[in-house]
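Colleague: Could you have a look at this structure, given as structure tokens, before my questions?
The values are calculated or read from the model by the stated rules, or taken from the named source; none is laboratory data. Everything numeric in this text was worked out from a predicted model, so none of it was measured. So basically every Cβ, Gly included, is an ideal-geometry build from the backbone, and we count neighbours across all protein chains shown. Each accessible area value is taken on the protein alone, full model and side chains, heavy atoms only, with ligands, DNA and RNA left out. Shrake-Rupley method; radii C 1.70, N 1.55, O 1.52, S 1.80 Å.
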Amino acid sequence: MTREQIDPLELSLTGGEPFNLVEALARRGVSRREFLKFCTIMAGVLALPVEKASRIARALENTPRVPLVWLEFQDCAGCTESLLRASRPTVGELVLDVLSVDYHETIMAPAGEQAEASKAATVEKGGHIVVVEGSIPLKDGGLYCCIGGKTAKDILFETVEGAIAVIAVGNCAAFGGIPAASPNPTEAVGVADLVKDVPVVNLPGCPLNVVNLTATVVHFLTFGSLPAMDHLKRPLFAYGKRIHDNCERRPHFDAGQFVEEWGDEGHRLGWCLYKMGCKGPETYHNCPTVRWNEGTSWPVMSGHGCLGCSEPNFWDTMTPFYQRLPEVPGFGVEATIDKVGLGLTAVAAAGVAAHAIGSAVRKKAAGASQEKEE
Amino acid sequence: MHAVCSVRAVEDALGIQIPPNARLIRNIIQGIQYVQDHTIHFYHLHALDWVDIVSALDADPAATAQLAQSISDWPKSSAAYFKGVQDRLKAFVASGQLGPFANGYWGHPAYKLPPEANLMAVAHYLEALDWQREVIKAHAILGGKNPHLQTYLVGGMACPVDPNSQAALNADSIAHLKELFVKAREFVEKVYLPDVLAVAPFYLEWAGLGEGLGNFLAYGEFPLTDTVSSDEPGDLFLPRGIILNRDLSKVHPVDHRKIAEYVTHSWFAYDDESQPKHPWDGVTEPNYTGPQPPYEFLNTDDKYSWIKAPRYDGKAMEVGPLARMLVAYASGHERVKYWVDTVLEKLGVGPEVLFSTLGRTAARAIETVVVAEQLINWTDELAANIGSGDLRIHELDHWDPSTWPKEAMGWGWMEAPRGALGHWIHIKDGKIENYQAVVPSTWNGSPRDANGQPGAYEASLVGTPVADPEKPLEILRTIHSFDPCMACAVHVLDPNGREVVRIRIA
């Protein structure tokens, strides 16, 4: 192998031979068994029947290589750090690598003109996936976030040209995040507010949980389409259920057992964090089931309430973070059941209605325009 | 990092002292953050400035194993292992799938390592990727997730401790932490530091380049005793102090009142821009005066940056691992002195070489080892304190804002991996009246102040030789050695002011 052979100018980015993932992974020391295990886990994250794992495997084995461009705008690189924590490490990350991360300012080797050349080459060919991390400021022509003298908005439009999909990772790219928090001094917005001609998927979270990015990509490669999404463009497999409904501490909520002070007996015993401000009852995310850092933990499991980081405008609508939500259904079901003499179903049904009202009132009070579907 | 700094600011304003368990948990979280973050910085964000991946293809795996075994007893260093890595690398290059490695400066004359050292570094680049993902699980155990832990509270931490509960930090989770910290320490002692020591001799000219300001500021970190206030932080494992004009014979005390920020060349407005403002009096009022985008150039005689220019007693300062290690070394810190002297002796050089690009990179590795040594001790100390029956994690008296005084001021400090971080808060009627943050990359990347003094990045580039102006690898080396928190741009101009190349550095 000589240097000349990988001279960037001579290099064909897509390679000459048909791509085979299993061979590519084998070259990197990943066995077929590990690969199939990964496919099974992905089927689980995607909430697919386990038989679908073989379809995932078949699809990934023969998929053509899709180039990926990762843009950073008003961001903290937290989602990039999350990418480095890709669960099911070798395979999960390699799927992304196999996608060919052609441009990523933080992790790529080249800088400046050479880095821009990589991006331009990918965009010119088209058929790429764009991942966006960070919000886009619009105020004063967008001058509050310029890279190489170009505004984030211009770079975004230039890069999504000819792309097959845009994945907005983290709350900032999805909904504006902290830069858009009141009073939103730079008029920051999310990707979907600007990009209309290319399909956009939102994977909010602060940061993104990388397992959901891997699963979205795997879904796309397997089925040739983006996963089913809610009205906020969030995939249902990851954002289809409320934290509160999947929470391991839910029995304590139903039993009326609450943490009252940090470090009290209830806190030490893992009781419900609702009174400490947990936003699980208003947040749609799969943290309780997939957890973080390869299933090690998630905030509630480690003793802290949910902040609602997968929801639009959470810095405005979910604060004060340590103040409890005004109305949550099913409050202390076991504690009151003897007194009211009602079945659990009736109480829960009444509670859902109460919650819907409570949410709407609170949202209005916070000045948010988004309506939530319960 | 900002989380701990912000809660310390409020704790300082309200006079809160956190319980020992909370102090120890914070130290452990920050300690493993240093170890993981520094290692990622070296292998994944900085190593390719020194390591030519393509050259690794020409390496002899047996000779690579010999080299690796001569510097460390890391068990993976066999010829077969390096052959495996090289085969994977060959297949990778042959496939044309270079992804993030496409268009690198491979083959640049400033790359000096023999193929074997390059192959060893590439192998460790890959190992570090797996290792960092594993050891940072300590953050998930203590704070629910990484990145962005969710556990910092004004007055303590939200991580319950109870040896008799499954839902709290108990013997089992402590054992898990210790297992991770053994792995953490082993890797940095047997791989990271030895790699730095193996690479450094080929780049000794960088011990005389990239110095910069010669002034260093460290707030210190890891309180070993109770913190009374931000001005009286207790005994710190890494000491607080200032070094001026490269003089290691004297460590000056830090007085946060001497910190003030200029906006002369920043896109912000002050009433009187010839004078700096202390962060308690700070204002952040945007005042963009630059060209409308898209633009090619900024006029550096005017305002040209979104970064303010912080100064200490009027002086520009460098912050980061080098600042912390110099302050500790000059303060006579036992472990820092031991490791700094060990490294200097192995390289056959004196402490003056620390003031350089290479010194910055070496200081980061030394600090990683010094902190990794403490993680298990601090975890044992936490276990012992819990075992004594102390289950407190939070100071409850000030949790309710109705208990607060009508008005309060405080400052929070911390040493982020990339340097000194400060937050200043003014609380009035239970609300934030003013809040200012002076972050490490503001110190290091600062534009000029009213007196024309440059910041650390700018000063450090003076005199850097550039072999190929189209591929200014040498500039990347020095800027990356600071671990900038942002993508920043360096424009290379020829003597006539014509732009040769513009490099963006992540």
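Colleague: Whole number in Å², please: accessible area per residue of segment A:243-336, 1.4 Å probe, ligands, DNA and RNA not counted.
Modeller: Here the residues of segment A:243-336 average 33 Å² of exposed surface.
Colleague: Net charge around B:GLU407, counting only other residues with Cβ within less than 12 Å of its Cβ (Lys, Arg = +1; Asp, Glu = -1)?
Modeller: +1
Colleague: Any idea what % of Cα-Cα pairs in chain B are farther than 32 Å?
Modeller: Values: 58089 of 127765 pairs.
Result for the distance tail: 45 percent.
Colleague: Using θ = phi - 60° and the Karplus relation 6.51 cos²θ - 1.76 cosθ + 1.60, list the HN-Hα couplings for segment A:261-268 in order, rounded to whole Hz, with x at every Gly or Pro.
Modeller: 9, 4, x, 6, 4, x, 5, 5
Colleague: While we're looking at this one, here's another question. Could you order B:TYR192, B:TYR435 by accessible surface area, starting with the largest, using a probe radius of 1.4 Å? Please report the intermediate quantities before stating the final value.
Modeller: On the way: B:TYR192 0, B:TYR435 75 Å².
My answer, sorted largest first, is B:TYR435, B:TYR192.
Colleague: Right, another one. Amide H to amide H, which residues 5 or more places from A:SER297 or on other chains are under 5 Å from it, using H placed in the peptide plane?
Modeller: Under 5 Å from the amide H of A:SER297: A:TRP292.
Colleague: Whole-Å semi-axes of segment B:338-495's equivalent ellipsoid, largest first, each the root of 5 times a Cα gyration tensor eigenvalue?
Modeller: 40, 28, 12
Colleague: What's the magnitude of the charge dipole for segment B:224-268 around its Cα centre, counting Lys and Arg as +1 and Asp and Glu as -1 at the beta-carbon? Answer in Debye, nearest 20.
Modeller: Working: 5 positive and 7 negative charges, 56 e Å.
About 280 debye.
Colleague: I'd like the residues of segment A:139-183 whose 1.4 Å-probe accessible area shrinks by no less than 50 Å² going from the isolated chain to the full set of protein chains.
Modeller: The answer is A:LEU143, A:TYR144, A:GLY148, A:GLY149 - residues whose exposure falls by at least 50 Å² when every protein chain is included.
Colleague: Which whole number in µm²/s is D for segment B:229-323 by Stokes-Einstein, with the Kirkwood Rh taken over Cα pairs at 25 °C and 0.890 mPa s? Walk me through the numbers before you get to the answer.
Modeller: Values: Rh = 15.8 Å.
It diffuses with D of about 156 µm²/s by this estimate.
Colleague: Here's a follow-up. Over every pair of different alpha-carbon atoms in segment A:3-239, take the mean of 1/r and invert it; report that Kirkwood radius in Å.
Modeller: Numbers: mean 1/r = 0.0546 Å⁻¹.
18.3 Å is the Kirkwood radius here.
Colleague: Oh, and also: Find which of A:SER310, A:PRO320, A:PHE258 sits farthest along the positive direction of the dipole of segment A:243-336, computed with +1 on the beta-carbon of Lys and Arg, -1 on that of Asp and Glu, about the Cα centre.
Modeller: Working it through, the farthest residue towards the positive pole turns out to be A:SER310.
Colleague: Rounded to the nearest 100 Å², what is the sum over both chains of accessible area buried where B meets A, with a probe of 1.4 Å? Present the calculation step by step, with values, prior to reporting the outcome.
Modeller: Details: alone 21040 and 18060 Å², together 32700 Å².
Between B and A, the summed buried area is about 6400 Å².
Colleague: Calculate the length of the line joining the C-alpha centroid of segment B:115-152 to that of segment B:365-387, in whole Å.
Modeller: 18 Å
Colleague: Working from the pairwise distances between different alpha carbons, so that the mean of 1/r is found and then inverted, what is segment B:1-61's Kirkwood radius in Å? Intermediate values should be presented prior to the final figure.
Modeller: On the way: mean 1/r = 0.0669 Å⁻¹.
About 15.0 Å, per the Kirkwood formula over Cα pairs.
Colleague: Using a 1.4 Å probe on the protein heavy atoms only, what accessible surface does B:THR442 show? Give it in Å² to the nearest 10.
Modeller: Counting only protein heavy atoms, the figure is 20 Å².
Colleague: Hey, rough spin-label estimate for A:ARG58 and B:ARG246, points 7 angstrom out along Cα→Cβ, what's it come to in nanometres?
Modeller: Distance between the two pseudo-spin positions: 6.9 nm.
Colleague: How much of B:ARG448 can a 1.4 Å solvent probe reach, expressed as accessible area in Å² and rounded to 10?
Modeller: 90 Å²
Colleague: Could you pull the Cα extents of segment A:104-146 along its three principal axes, largest to smallest, in whole Å?
Modeller: 31, 24, 16
Colleague: Leaving out ligands and nucleic acids, note down the accessible area per residue over segment B:103-259 with a 1.4 angstrom probe, in whole Å².
Modeller: Details: 5190 Å² over 157 residues.
Counting only protein heavy atoms, the per-residue value for segment B:103-259 is 33 Å².
Colleague: First obtain the Kirkwood hydrodynamic radius of the protein assembly as shown from its Cα pairs, then insert it into the Stokes-Einstein equation at 10 °C and 1.306 mPa s, and state the resulting D in µm² per second as a whole number. Before the final figure, lay out the partial values.
Modeller: Numbers: Rh = 28.3 Å.
In µm²/s, the coefficient is 56.
Colleague: Same structure, new question: What is the Cα coordinate range of segment B:238-282 on the first, second and third principal axes, sorted by size from largest, in whole angstrom?
Modeller: Each principal axis gives a Cα extent; for segment B:238-282 these are 40, 21, 16 Å.
Colleague: I've got another one for you. Determine the residues within segment B:130-154 where the difference in accessible area between the chain on its own and the full set of protein chains amounts to at least 40 Å²; count protein heavy atoms only and use a 1.4 Å probe.
Modeller: At a threshold of 40 Å² (probe 1.4 Å), the residues of segment B:130-154 that become less exposed are B:ARG133, B:LYS137, B:ALA140, B:GLY144, B:LYS145, B:ASN146, B:PRO147, B:HIS148, B:GLN150, B:LEU153.
Colleague: Considering amide H positions built from the backbone, and no H for Pro or chain starts, which residues 5 or more places from A:GLY305, or on another chain, come under 5 Å of its amide H?
Modeller: So A:GLY305 has HN proximity to no qualifying residue.
Colleague: Could you put B:SER481, B:SER388 in order of accessible surface area, largest first, with the 1.4 Å probe and the full protein assembly present?
Modeller: On the way: B:SER481 0, B:SER388 90 Å².
Highest to lowest solvent-accessible surface, that is B:SER388, B:SER481.
Colleague: Still on this model: If R₀ is 35 angstrom, what is the calculated FRET efficiency for the pair A:LYS196 and A:VAL50, using the beta carbon separation as r and rounding to 0.05? Present the calculation step by step, with values, prior to reporting the outcome.
Modeller: Working: r = 37 Å, r/R0 = 1.07.
Efficiency at R0 = 35 Å is approximately 0.40.
Colleague: If you don't mind, there's one more thing I want to ask. What per residue convex hull volume, in Å³, do the alpha-carbon atoms of segment A:243-336 yield? Don't skip to the end; give the middle numbers.
Modeller: Values: hull volume 8.9 nm³, N = 94.
Hull volume over Cα atoms, normalised by residue count, gives 95 Å³.
Colleague: From a point 7 Å beyond the Cα of B:ILE432 in the direction of its Cβ, which residues of segment A:164-187 have a backbone N at a distance under 17 Å?
Modeller: A:177-187
Colleague: Excluding residues fewer than 8 places away in the same chain, name every one of the lysines whose C-alpha is closer than 28 Å to that of B:LYS406.
Modeller: By straight Cα distance, B:LYS406 reaches A:LYS275, B:LYS258, B:LYS277, B:LYS428, B:LYS431.
Colleague: For the full complex of protein chains and a 1.4 angstrom probe, list B:ASP397, B:ASP255 by accessible area with the highest value first. Please report the intermediate quantities before stating the final value.
Modeller: Values: B:ASP397 115, B:ASP255 50 Å².
Largest accessible area first, the residues go B:ASP397, B:ASP255.
Colleague: Then there's this: Kindly report, to the nearest 10 Å², the accessible surface of A:VAL30 as traced by a 1.4 Å probe over protein heavy atoms only.
Modeller: My reading of the accessible area for A:VAL30 is about 10 Å².
Colleague: How far is the Cα center of segment A:22-60 from the Cα center of segment A:222-301, in Å?
Modeller: Using only Cα atoms to place each centre, the spacing works out to 27 Å.
Colleague: Find the accessible area per residue for segment A:3-239; the probe is 1.4 Å, ligands and nucleic acids are left out, and the unit is Å².
Modeller: On a per-residue basis, 37 Å².
Colleague: Ok, one more. Determine the share of chain B's accessible area contributed by carbon and sulfur atoms, expressed in whole percent, with a 1.4 angstrom probe.
Modeller: Details: 9230 of 17830 Å².
On chain B, the fraction of accessible area on carbon and sulfur atoms equals 52 percent.
Colleague: Which of the lysines could a cross-linker bridge to A:LYS153, judged by Cα under 27 Å and excluding same-chain residues fewer than eight apart?
Modeller: Reachable lysines: A:LYS119, A:LYS125, A:LYS139, A:LYS196, A:LYS233, B:LYS303, B:LYS308.
Colleague: To continue, here is another question. For segment A:103-178, report the convex hull volume of the alpha-carbon atoms normalised per residue, in Å³, without decimals. Don't skip to the end; give the middle numbers.
Modeller: Values: hull volume 7.2 nm³, N = 76.
Convex hull volume per residue, Cα atoms: 95 Å³.
Colleague: With labels modelled as points extended 7 Å from the Cα through the Cβ direction, what inter-label distance (nm, one decimal) is found for B:TRP399 paired with B:ALA175?
Modeller: Each label point lies 7 Å from its Cα, and together they span 3.1 nm.
Colleague: Can you list the residues of segment B:376-399 whose accessible area drops by at least 50 Å² going from the chain on its own to the full set of protein chains, with a 1.4 Å probe?
Modeller: At a threshold of 50 Å² (probe 1.4 Å), the residues of segment B:376-399 that become less exposed are B:LEU396, B:TRP399.
Colleague: Using Cα-only point scatterers and the Debye equation, what is log10 of I(q)/I(0) for segment B:106-201 at each q in 0.13, 0.24 Å⁻¹, rounded to two decimals?
Modeller: Cα-only, vacuum Debye calculation for segment B:106-201: -0.63, -1.23.
Colleague: In Å, the Kirkwood hydrodynamic radius of segment B:191-276 over pairs of distinct alpha carbons?
Modeller: Working: mean 1/r = 0.0592 Å⁻¹.
One over the average 1/r among Cα pairs gives 16.9 Å for segment B:191-276.
Colleague: Amide H of A:ILE147 versus every other amide H placed in the peptide plane: which residues, excluding those fewer than 5 positions away on the same chain, fall under 5 Å?
Modeller: Here the answer is A:ALA152, since their amide H atoms fall under 5 Å of that of A:ILE147.
Colleague: Using a 1.4 Å probe on the protein chains only, how many percent of the accessible area of segment A:175-218 belongs to carbon and sulfur? Each step should come with its number before you reach the end.
Modeller: On the way: 730 of 1290 Å².
Ligands and nucleic acids excluded, carbon and sulfur reach 56 percent.
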